[in-house]
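The values are calculated or read from the model by the stated rules, or taken from the named source; none is laboratory data. Since we're looking at a predicted model, the values are computed, not measured. Cβ sites come from the backbone with ideal geometry, for glycine too, and all protein chains shown count toward neighbours.
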Number of protein chains: 4
Amino acid sequence: MENSIGKMLAITSFGESHGPCVGVVIDGCPAGLPVSGADIQSEVNRRRAGGSSASTSRLEKDKVEILSGVSNGFTTGAPVCLLIRNEDVDDAAYEEIRSKLRPGHADYPAYVKYGGFNDWRGGGKFSGRMTATFVMAGAIAKKLLAVIGVEIIAHTAEIGGIAAEAMSYQEIKKKATKDSLCCADPKASQAMTELINRTKESGDSLGGVIEGIALNVPVGLGEPLFDNLDGDLAKALFAIPAVKGVEFGAGFAAARKKGSENNDPFIIKDGKIMTGTNNAGGILGGMSNGMPLIVRVAVKPVSSIGIEQQTVDIEKMKETVIKVGGRHDVCIVPRAVPVVEAMMAVTLCDFAMRAGLIPRVIR
Amino acid sequence: MENSIGKMLAITSFGESHGPCVGVVIDGCPAGLPVSGADIQSEVNRRRAGGSSASTSRLEKDKVEILSGVSNGFTTGAPVCLLIRNEDVDDAAYEEIRSKLRPGHADYPAYVKYGGFNDWRGGGKFSGRMTATFVMAGAIAKKLLAVIGVEIIAHTAEIGGIAAEAMSYQEIKKKATKDSLCCADPKASQAMTELINRTKESGDSLGGVIEGIALNVPVGLGEPLFDNLDGDLAKALFAIPAVKGVEFGAGFAAARKKGSENNDPFIIKDGKIMTGTNNAGGILGGMSNGMPLIVRVAVKPVSSIGIEQQTVDIEKMKETVIKVGGRHDVCIVPRAVPVVEAMMAVTLCDFAMRAGLIPRVIR
Amino acid sequence: MENSIGKMLAITSFGESHGPCVGVVIDGCPAGLPVSGADIQSEVNRRRAGGSSASTSRLEKDKVEILSGVSNGFTTGAPVCLLIRNEDVDDAAYEEIRSKLRPGHADYPAYVKYGGFNDWRGGGKFSGRMTATFVMAGAIAKKLLAVIGVEIIAHTAEIGGIAAEAMSYQEIKKKATKDSLCCADPKASQAMTELINRTKESGDSLGGVIEGIALNVPVGLGEPLFDNLDGDLAKALFAIPAVKGVEFGAGFAAARKKGSENNDPFIIKDGKIMTGTNNAGGILGGMSNGMPLIVRVAVKPVSSIGIEQQTVDIEKMKETVIKVGGRHDVCIVPRAVPVVEAMMAVTLCDFAMRAGLIPRVIR
Amino acid sequence: MENSIGKMLAITSFGESHGPCVGVVIDGCPAGLPVSGADIQSEVNRRRAGGSSASTSRLEKDKVEILSGVSNGFTTGAPVCLLIRNEDVDDAAYEEIRSKLRPGHADYPAYVKYGGFNDWRGGGKFSGRMTATFVMAGAIAKKLLAVIGVEIIAHTAEIGGIAAEAMSYQEIKKKATKDSLCCADPKASQAMTELINRTKESGDSLGGVIEGIALNVPVGLGEPLFDNLDGDLAKALFAIPAVKGVEFGAGFAAARKKGSENNDPFIIKDGKIMTGTNNAGGILGGMSNGMPLIVRVAVKPVSSIGIEQQTVDIEKMKETVIKVGGRHDVCIVPRAVPVVEAMMAVTLCDFAMRAGLIPRVIR
């Protein structure tokens, strides 16, 4: 099951960027959850292009269709299949570069792995467009998590080296959702926008860092030895194209601290056990410890750039140059924010179900 | 299957730090692979304490026992079970702190998750000692990978903020294996040793960064959308206690680059397609691209320190202080180096088998 | 993953009898396999109602739609999603019996399990209609098996106690495909047809036995201890609604034989090792032995009958009677024949892929 | 994971008949279950040879060792590893027949599959001895099921064509456990014993039928479409060597009934919904319906017989004869009775855990 993730709540994605559709089957969803097309549509719209200067000019309508598993507005317990038809597809831009390997893209290993049979148009199943299926599944998972009070927020922490200032989770939540770059710090967002505009002019692209936060996570989610909460979250997040690093809490900075600095002391607050600091990012021994779960995800700059690059024509087996045409985002970080939320939601929901915390029938 | 990892080559670990043994079942191992106890023992010895100033004074004999799956010196195709009896166990040091939550350890979520029934002595199944089972499995996986020419090297890239200088993979391989801290840069190793000694005196601990390198990885390992090579490697590496971050190639630094800087141009060298740089760390679109696979792992400082820390007594539900006695490493980075290699080997071997590249009978 | 089966070739079914569609995602299908809608349609047509006196009058057009994984007539290596829209849906017949439990159907456990939220119309996901998704997946699996020469034939061995006479596999193949009841013995078919017609008049229904045969199965498919070829075939076949028993080779009759009668002696024929008899049905120790694989499947009589039956109204919690209206088959055995073939194909294909016998790229 | 079964409660078996040991890892076992070596030993003793005229003269001490997952008499939530050392091993009897394929055994496909590397002594991992690992796991599963009141009983329904008379489940339970052949009908048991003695003299062997019964199964266990309760039970039961058929309720007899005869009418009894008859064997639509779960398993006659049989020497590739020496059971049916119970227990426990019915911590 290469294209599936999760054990109790399992999602299977299918489709290609320039095929008839992209879709997802959500297996294991409890019965009785109220679900409407509009619920899922609103999440999908957050990922859609067009919101900011950072994104592609491909006009994605992305209309969500519910194919199964929902009846009279409630999940039935049967697998939920959600679909988005591909409409605004333009193959021409890709035709001329068909056999030229686009640097930074999956073209080369995909060509070798699938013997040239893979759908290369628009990246096929390697396209960022596939993350729309993650978002659809995430919309369901978020609703399931809401049943037990878990809340997930992601935001743009950094673009092109410009970092947002630290603030409280409630502030982040309030401000990031309103910002066109999903950045909670208006000053940083302004600077990012300017950098994006300058970069766009030069035909280049930018990366950044997304921070994901999960609040009210029950203590003890995650299964040692191998199905760790951090391990499975990392795996889910690396499924997002362009992610090159994942860290929890202090992450790589923890490697430079002393134990006495990095350990979070236990305290009692309002009758509950908590930690005074949160360098652990809410995870100890592969399990949630009840503190906010904090993950940071490194997103590489968009691979498709309007600048000539050196490459190889794989059919002629000759070195050549390529200038990737078509419509491309300058920076996908803002669009990836809801995708990070989705993958966090899917993973946390799976673990909550494995722990028996989400009932099999929601009433 | 919470305590298993892998699909075609799957490992299941069992045991506890202070129980009768730690062990591992390796399922799916092809028949005909020559395996001796000595092969596995030599890998286990690399992980064992005692090699350097950084490690615990617990004298671990760690004698490997082959319980199944090997007959007349060759694997039979049946599951291979490998065992290490626990011998030098000292419960007394743990008794007095039984109900005090050790900061940085799994005690608190484990207590909640298992209702107080988990084996708390020495961390039980959350102990770093469990990684001996990873190393045993990794020894088998490395031998299988050698059949197709894949080689894995890990080394200490950083301890306590002191970083080793960059050098070629062949140099790293030659030098790191001889160094007591598994560091390929003798000057850095010297500075690390001094820092470790100073830190030991103060009762504190250190973290660091391990770099893992896999050479000759065939093109196309990894299964999009979800069973990505990077995603599954990350999951496997987060199974190592103390890992808080994983990045591939340029990793978090890629987030600050432009596309034109980060994209690796394709070239032809010796008739083979390669990339001019390796910011991708050998992975494109979740698949190996034939370049050296480069992963960096952030290891937090050892949680057990000889310094008084604030904590909670969970049975009395009262704030208190703790000073963790027993024998502890100052820095586990050098001992984790073979563990990183093991988890890389297990994961790469699983993918190579899924791709049909390792025959079911080795001849 | 409750609605998935298979490891290397995995299928996930979704949809409901009276929802928008039924569909299936086939994950792990090698690239380069020539696939057209017509290939799949012809298999689906075999399962469709209307061919004989035994079947429902529901007019199923069952038009197959390829949603993903096929490009320019070849599989791409991405998951293949196949869909059939539901068209001729008549809910009215079900409305009046909504809360009355239909004897022999899944209504009662489904009501309890899904808290009344399951789509009860036409049996929802428990409908025999879901087997159309098995047949679509089976069509792909059969094409993959053909690459290595494996052939699968199923036929009606028995209906209502009337058994077909034994004959050679080649004869069965030739004759069963032409018969409206998929029975290779014309005399028996005639008698079955008469029995069906008489039973229809009385409003009652019939069951029967289907025999599945796989030829040219490579030696050694199946994974002891648990992923046995017989065990996984049985699991796959029990997924067909109405199946109540599965036996291989001599099956239950073997239980009454002596060892000297039941053991198949080994012989050499045309330079190949074979067995003189085939009481084992092609399976020894959970693995294929190269002889024809023979499985027999007991199909219970159709549960929906036009005769008044005693039952319970679950909402009123009162005993009552029910006469199931709507359109029903008298005997689903002939329509289940291609479904048996499909589940055999999916399972054998999965094992052949696990053994590395089907390449990941078909050329 | 070829040698594992189960999703929430998963067992992995290892070992060989004539290797150092046979063992099992039980993963997912809730914490807090009281477990002693004696609990498991008593189940293992039921399977052990020596109880009756039907069994081998191999003296199996089968002393159970708990290697992990149990501390202070309670499960810890960590994987439970249980081991039995092999003691009374006699390789000599097998040496002379090494390259001669034993009819009815796995020798031939195993030789091909593992390239001759498999441990052929005593059948290696294909030996019936591996079922001791099933029984150990079953002992744990039974204790978990007891927490929710589920009870499992299996008994000898038939040996060599001699069938026990039908009686109530309570009578079966009381009588079968006391009978040396696990048969609840003393007259039938007497006739079976005589047949076994006669058959032993002639060097031949016998098969039979085991019936498994599960009482108090909660309604709704089993996951359509594919993880059916009947499908997964069948898969688990086919893992027992020598099983050639599995049927539920009326089973193959249902194929010869009319719908009006086979459907079980729903009734209300003591305020609970039940069925008047139980032709369904407690399973509707792949889910438990609350009635007693009834499964019947066909066991072929023992393959090892003391009569000369035709076979092939695979190394000389020549036809020859074989007379299997060593110590063999005449009929394994009585010894397989606790194995059937064990596999039923493991499967039902897995489904009960998937349904969230067994808590993760037993208190």
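Among the conditions (1) within 30 Å of B:Met287 (Cα to Cα); (2) at pLDDT below 95, C:Pro34 misses just one, which is (2). Take A:Tyr94 and tell me if it is on the phi < 0 side of the Ramachandran plot, surrounded by fewer than 23 Cβ atoms within 10 Å (Cβ to Cβ), modelled with pLDDT under 95 and among the aromatic types (Phe, Trp, Tyr). Here the answer is yes, as A:Tyr94 does meet what is asked. Of all residues in segment C:142-159, those that are within 14 Å of chain D (Cβ to nearest Cβ) and of a type outside the set (Val, Ile, Thr) have Cβ atoms under 8 Å from Cβ atoms of residues that are surrounded by fewer than 24 Cβ atoms within 10 Å (Cβ to Cβ) and not in a strand (DSSP E or B), 6 or more apart or on another chain, in C:Glu158/D:Arg256. Condition first: crowded, with 18+ Cβ neighbours inside 10 Å, in a helix (DSSP H, G or I) and at pLDDT 95 or above. Can you find one or more residues in segment A:304-315 that meet it? No, the conditions are met nowhere in segment A:304-315.
Each row is one residue, and each column tells you yes or no for (1) of a type in the set (Val, Ile, Thr); (2) on the phi > 0 side of the Ramachandran plot; (3) in a helix (DSSP H, G or I); (4) in contact with an Asp or Glu (Cβ under 9 Å, 6 or more places away or on another chain).
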site	(1), (2), (3), (4)
B:Ile210	yes, no, no, yes
B:Ala214	no, no, no, yes
B:Gly220	no, yes, no, no
B:Ser260	no, no, yes, yes
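From the list C:Ala298, C:Ala253, C:Ala280, C:Ala342, the one residue that fits, being touching a Gly at 6+ places or on another chain (Cβ under 6 Å), at pLDDT 95 or above and under 30 Å from D:Lys125 (Cα atoms), is C:Ala280.
Residues considered: B:Gly290, B:Gly281. Of these, the only one that is of a type outside the set (Phe, Trp, Tyr) and either in contact with a strand residue (DSSP E or B) (Cβ under 6 Å, 6 or more places away or on another chain) or over 26 Å from C:Gly77 (Cα atoms) (or both) is B:Gly281.
Looking at C:Glu158, C:Glu151, C:Glu171, C:Glu165, which is the one that is out of contact with any helix residue (DSSP H, G or I) (no Cβ under 8 Å at 6 or more places or on another chain), of a type in the set (D, E, K, R) and at pLDDT 95 or above? Checking each option against the conditions leaves just C:Glu171.
Close contacts from segment A:163-177, counting a first residue that is in a loop (DSSP other than H, G, I, E, B) and a second that is surrounded by fewer than 16 Cβ atoms within 10 Å (Cβ to Cβ), with Cβ to Cβ under 8 Å and a gap of 6+ residues or different chains, come to A:Glu165/A:Lys187. Scanning segment C:276-317 for residues that are facing chain D (nearest Cβ under 9 Å), within 18 Å of C:Gly220 (Cβ to Cβ) and of a type in the set (Gly, Ala, Ser) turns up C:Ala280, C:Gly281, C:Gly285, C:Gly286, C:Ser288, C:Gly290. In a residue-by-residue description of segment B:86-108, the property of being touching a Cys at 6+ places or on another chain (Cβ under 8 Å) and over 29 Å from B:Lys300 (Cβ atoms) applies to no position.
Among the residues of segment A:319-350 satisfying the criterion of being in a loop (DSSP other than H, G, I, E, B) and among the β-branched types (Val, Ile, Thr), which is nearest to A:Gly6 (Cα to Cα)? Going through the qualifying residues, I end up with A:Ile332. Does C:Val333 qualify as being closer than 18 Å to D:Glu247 by Cα and crowded, with 18+ Cβ neighbours inside 10 Å? Yes; evaluated as a whole, the condition is true for this residue. Restricting segment B:318-342 to residues that are in contact (Cβ under 8 Å) with a residue 24 or more places away in the chain and of a type in the set (D, E, K, R) leaves a set whose member that is farthest from the other protein chains (Cβ to nearest Cβ) is B:Glu341. Restricting attention to segment D:1-24 and to residues that are facing another protein chain (nearest Cβ under 8 Å) and in contact with a Cys (Cβ under 7 Å, 6 or more places away or on another chain), the residue that is surrounded by the most Cβ atoms within 10 Å (Cβ to Cβ) turns out to be D:Gly15. For segment A:4-36, a tally of residues being assigned to a loop (DSSP other than H, G, I, E, B) and in contact (Cβ under 8 Å) with a residue 60 or more places away in the chain returns 15.
Here's the yes/no breakdown for (1) in a loop (DSSP other than H, G, I, E, B); (2) in contact with a Cys (Cβ under 7 Å, 6 or more places away or on another chain); (3) not acidic (Asp, Glu):
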residue	(1), (2), (3)
D:Gly138	no, no, yes
D:Thr156	no, yes, yes
D:Ser180	yes, no, yes
D:Ser189	no, yes, yes
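Out of all the residues in segment B:72-90, is one or more within 20 Å of D:Gly77 (Cα to Cα) and either facing chain A (nearest Cβ under 10 Å) or outside any strand (DSSP E or B) (or both)? Yes, segment B:72-90 contains at least one residue that is within 20 Å of D:Gly77 (Cα to Cα) and either facing chain A (nearest Cβ under 10 Å) or outside any strand (DSSP E or B) (or both). If only residues of segment A:193-243 that are more than 8 Å from chain B (Cβ to nearest Cβ) and charged (D, E, K, R) are counted, the one that is surrounded by the fewest Cβ atoms within 10 Å (Cβ to Cβ) is A:Glu201. Among the residues of segment B:244-275, those identified as farther than 24 Å from A:Leu195 by Cα and either at the interface with chain A (Cβ under 7 Å from one of its Cβ atoms) or touching a residue at least 60 places away in the same chain (Cβ under 8 Å) (or both) are B:Lys244, B:Gly245, B:Val246, B:Glu247, B:Phe248, B:Gly249, B:Pro265, B:Phe266, B:Ile267, B:Ile268, B:Ile273.
Taking every residue in segment C:343-362 that is away from chain A (no Cβ under 13 Å) and at positive phi and pairing it with any residue that is part of a helix (DSSP H, G or I) and modelled with pLDDT of 95 or more, at least 6 positions away or on another chain, the pairs with Cβ-Cβ distances below 9 Å are C:Gly356/B:Met353. Condition first: of a type in the set (Gly, Ala, Ser), surrounded by fewer than 24 Cβ atoms within 10 Å (Cβ to Cβ), facing chain C (nearest Cβ under 8 Å) and more than 16 Å from D:Ala336 (Cα to Cα). Can you find one or more residues in segment D:161-179 that meet it? Yes.
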